[in-house]
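J.: Would you mind keeping the following structure in view while I ask a few things?
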Amino acid sequence: MRTPYVSGPMHPRKTKITKRTHRGVKPNGFNQLKLVFLALASALCLVAEQHTIVVDGKSPGRAFEGVGALSAGASSRLLYDYPEPQRSQILDYLFNPGFGASLHHLKVEIGGDVNSTDGSEPSHAVTREEFEHPKEAYFQRGYEWWLMEEAKKRNPKIMIEGLQWGAPGWIGNGKFYSRDNAEFVASFIKGAKNYHGVDMDYVGIWNERHHDVEYIKLLRRVLDENGLQRVKIVASDLWEMQELWDVAKDMEKDPELKKAVAVLNAHVTEAYGYYTTPSVKRLGIPVWDGEVHSYGGNWYAAMGHARQNRAYPTAKITKLISWSLITSYHDFLVVPDSGMMKANTPWSGHYDVQPSLWVLAHFNQFAKLGWKYLDSSCQAWTGESNHEGWSVCAMKAPDTNDYSVIVETMDARENQALTFEVSSDLATGALAVWRSAFKRESFLRLADVTVKKGKFTFVAEPGAIYTLTTTRGQHKGEAATPVPAPSKFPLQYVSAFDAQPVGHPGKFFSDQHGAFEVAPRPDGKGQCLKQLATQQGIRWREDYDFPQTILGDIDWKDYRLSVDVMLPQAGSVKVQGRARGFSWGGKIPFSTYELEWNRDGAWALRAGEKVLASGRTEPLGNKWHTVSLTLNKDLIQTQLDNKKVSELHDATNPNGVIGLGSGWNTALFDNVRIDPVN
């Protein structure tokens, strides 16, 4: 995933790419007028365009492989901290069949201790020592293991995929495409099975980095050597148009590579008109979009998801995976709303079920994995841009005569009068009809449609998605208890870490780089937060240089942060206040008041890169010390073990969250306390 953009490269067929309102960008004047026109057209019952759709049960077609979502870039971080019953309710909306999104596929990040968009995700082997001498505790880190378990618990048939964004620095002595890394990936897959009972189905290469042909073949051999023959390789998660399907060209030239890759996969193909190449078509293997973007959390985002219905008739894409699964990270990070649900205030228990979730339900609740597209019915009508037109797709069950039809009219200019001619080998019963319409309703059951002599007619209004089906059992799920009201993070905060599970993130802390986890204190007096990474990782996002974890509200201004710190070996520890500017390309670059202390006693107070004060105290040694940073308007005070170290005035940073960090060394933190000051 990356920062959203509002326009894309030209399609090879000269398709013009217009402003991308479905990515959360406000519509331009033309689109606003278009929406007004659509509403008037519906109200005045304009004469509909006439179309005949043939639904032939014997028609050829590829297998429907489901609509899925991606948990990566720390996008699910705060979901893990939600209280019950809200946490289970959220998971039900995402994964329960026939209830909400009913996702068929979950793609997760294989953590690498490096920032991968909205934070870093921990690895199961921070060091080579951990890799060579694995322990069960290493395979409990983070939240992706837990998420895979919860998804499988709700839908045992869900497909599970893993993909790397970065890797620990020890791998290949800094070389990603190495045998070290192939074995690291294999150990992740085996850990999912051995410690969590999850059989993974697919694994990718390196997110949005050009693939290495020899590495893909090496990965296949290593998987086979580890008894993972069933795990299929997906390649290669690229997103730049000029390289989107390069792996397909390579496969045509290399028989071993062709045998190794089971699925062709690229990102944001909709931006290029669901563009594929002759090489892709000739290979004849499954084609996916491994990272769909439709940002915003509103109806414009939902429209983008509905347009996914055009992917199969246009490019024979049989699976689409959205980033992100859920917006469970702070609003001030890279993309404020990327998921089909929003749940980023676990201290309040509040969450939002957004329109995109119900649009995805139009696909997943009406067809299971293994259903077959009926090519006779799959058509997309488009104008000069991706945001003109509409589409129809029908799918059939493999073992019954049931079928479902999806009609999407997000960019139609007028009503579409559709006559469906249904072959005699398909079910003849009434079709249930479900609709989600722009800014009107989500997932509403309408009156059934009757099939007479193999035909039925249906009028589809503009700006809607419909599913017509002979199946039953679909629901617009609703949680059994009301959703709590949202609230801001409380300014007064204390965390001792003693009640939190060892190996998991500190409650409400969001790691931005490096690897932080709850661990026993060396003195046996409870637990602390430990930073584990002792060398820079193989980075995906290049602008993070040191381990950091954050907590709080971006609007915090005047407060005192106190934390106990310990440096078991040489290195430094960092305590930050009023940290802000985390998003890519934002108008405010990252800045903070940072108090850094070295083990030898040297310290410095900075505002961004500017040193405000520095000095030296007695060496910290291998023992606990209390460091405090007080921010009161422009007055900045620092203390060590309740003794004043510095006091000065500076107005560089007016507000922001707190942060804990270190150099590339082990560092321990405990008794984090935040108090407001007047």
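The values are calculated or read from the model by the stated rules, or taken from the named source; none is laboratory data. Only a predicted model underlies this, so the values are computations on that prediction, with no experimental measurement involved. Because the Cβ atoms are built from the backbone with ideal geometry, glycine has one as well, and the counts that use them run over all protein chains shown.
J.: Just need a number here: residues in region 508-527 that are farther than 14 Å from residue 661 by Cα and not aliphatic (A, V, I, L, M).
T.: Selection size over region 508-527: 9.
J.: Can I ask one more? I need the strands (runs of 3 or more DSSP E) fully contained in region 495-606, keeping only those with at least 3 residues that are farther than 26 Å from residue 136 by Cβ and either outside the structural domain of residue 168 (by TED's automatic domain parsing) or among the aromatic types (Phe, Trp, Tyr) (or both).
T.: Ranges flagged: 548-551, 559-566, 572-580, 591-598.
J.: Counting only residues that are within 31 Å of the chain's Cα centre (by Cα) and part of a strand (DSSP E or B), how many does region 642-672 have?
T.: Adding up the residues that qualify gives 11.
J.: If I go through region 293-320 residue by residue, how many of them are surrounded by fewer than 24 Cβ atoms within 10 Å (Cβ to Cβ) and closer than 17 Å to residue 94 by Cβ?
T.: Adding up the residues that qualify gives 1.
J.: Any idea which of 138, 143 is in contact with a Leu (Cβ under 8 Å, 6 or more places away or on another chain) and farther than 18 Å from residue 209 by Cβ?
T.: 143
J.: Another question, then. Within region 66-89, does at least one residue satisfy the condition of being more than 22 Å from residue 207 (Cβ to Cβ) and among the aliphatic types (A, V, I, L, M)?
T.: no
J.: Oh, and also: Note down all Cβ pairs under 6 Å where the first residue falls in region 661-678 and is free of Cβ contacts under 8 Å to residues at least 12 places away in the same chain and assigned by TED's automatic domain parsing to the domain that holds residue 551, the second is surrounded by fewer than 18 Cβ atoms within 10 Å (Cβ to Cβ) and of a type in the set (A, V, I, L, M), and they're at least six residues apart or on different chains.
T.: none
J.: Can you tell me how many residues in region 442-467 are touching a residue at least 60 places away in the same chain (Cβ under 8 Å) and either part of a loop (DSSP other than H, G, I, E, B) or among the aromatic types (Phe, Trp, Tyr) (or both)?
T.: Qualifying residue count for the region: 5.
J.: Tally time: how many residues in region 91-115 are of a type outside the set (D, E, K, R) and closer than 30 Å to residue 661 by Cβ?
T.: 6
J.: Kindly indicate which of 641, 675 is among the charged types (D, E, K, R), touching a strand residue (DSSP E or B) at 6+ places or on another chain (Cβ under 7 Å) and on the phi > 0 side of the Ramachandran plot.
T.: 641
J.: In this structure, is residue 333 under 20 Å from residue 483 (Cβ atoms), assigned to a loop (DSSP other than H, G, I, E, B) and among the aliphatic types (A, V, I, L, M)?
T.: No.
J.: Could you look through region 165-190, keep only residues that are under 22 Å from residue 531 (Cβ atoms) and touching a helix residue (DSSP H, G or I) at 6+ places or on another chain (Cβ under 7 Å), and pick out the one that is surrounded by the most Cβ atoms within 10 Å (Cβ to Cβ)?
T.: So, considering only residues that are under 22 Å from residue 531 (Cβ atoms) and touching a helix residue (DSSP H, G or I) at 6+ places or on another chain (Cβ under 7 Å), the one surrounded by the most Cβ atoms within 10 Å (Cβ to Cβ) is 167.
J.: Working only within region 428-453, note down all residues that are exposed (fewer than 13 other Cβ atoms within 10 Å of the Cβ) and closer than 18 Å to residue 101 by Cα.
T.: Once the filter is applied, which keeps residues that are exposed (fewer than 13 other Cβ atoms within 10 Å of the Cβ) and closer than 18 Å to residue 101 by Cα, region 428-453 yields only 445.
J.: Any residue at all in region 308-328 that is touching a His at 6+ places or on another chain (Cβ under 9 Å), of a type in the set (D, E, K, R) and outside any helix (DSSP H, G or I)?
T.: Yes.
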